[in-house]
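Please read the structure below before turning to the comments.
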Amino acid sequence: QVQLVESGGGLVQAGGSLSVSCAASRTIFSNYEMGWYRQAPGKQRDLVALITPRGTTDYADSVRGRFTISRDNAKNTVFLRMNNMKPGDTGVYYCYVRIGGNPYWGQGTQVTVSS
């Protein structure tokens, strides 16, 4: 069974920076796509960023150029660095790993950007 534990998040002012990280319970990182979704109140969960086993990254248009996803396979951890944050970045950020086409989720961490 895969367990993903997010950390980081919190409250930041618009224009500020924040990082979140996600640690997996076992060594799976190097083999699977991982990434982050976020869910704002009353809205669906949307993809923010992903990173493939080869390290290829992709981002939602709304965060491209401001957010950076990275992974440390030795530590079974994926990171999301968020810069120049906007109130629209507010939401619960969920880490995921995609195994066999199915996503496995972390418990989520709240990120709030004040204007």
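The values are calculated or read from the model by the stated rules, or taken from the named source; none is laboratory data. If you're wondering where the values come from, they're calculated on a predicted model, not measured in any experiment. Quick reminder, even Gly has a Cβ in these numbers, built from the backbone with ideal geometry, and neighbours come from all protein chains shown. Heads up: the accessible areas ignore ligands, DNA and RNA and are worked out on the full protein's heavy atoms, side chains in. Shrake-Rupley method; radii C 1.70, N 1.55, O 1.52, S 1.80 Å.
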Flag if GLY42 is in contact with a Phe, Trp or Tyr (Cβ under 8 Å, 6 or more places away or on another chain) and on the phi > 0 side of the Ramachandran plot: no
Among all residue pairs at least 6 apart or on different chains, which show Cβ distances below 6 Å where the first residue, located in the stretch 97-115, is closer than 20 Å to ASN73 by Cα and the second is in a loop (DSSP other than H, G, I, E, B) and open to solvent by 50 Å² or more (accessible area, probe 1.4 Å)? VAL97/TYR32; ARG98/TYR32; ILE99/TYR32
Elements of type strands (runs of 3 or more DSSP E) in the stretch 1-81, at least 2 residues being more than 12 Å from VAL111 (Cα to Cα), touching a residue at least 40 places away in the same chain (Cβ under 8 Å) and in contact with a strand residue (DSSP E or B) (Cβ under 6 Å, 6 or more places away or on another chain): 4-8, 18-24, 33-39, 45-51
Can you say whether SER25 is over 19 Å from SER115 (Cα atoms), of a type in the set (S, T, N, Q), open to solvent by 50 Å² or more (accessible area, probe 1.4 Å) and in contact with a Ser or Thr (Cβ under 9 Å, 6 or more places away or on another chain), as far as the supplied structure shows? no
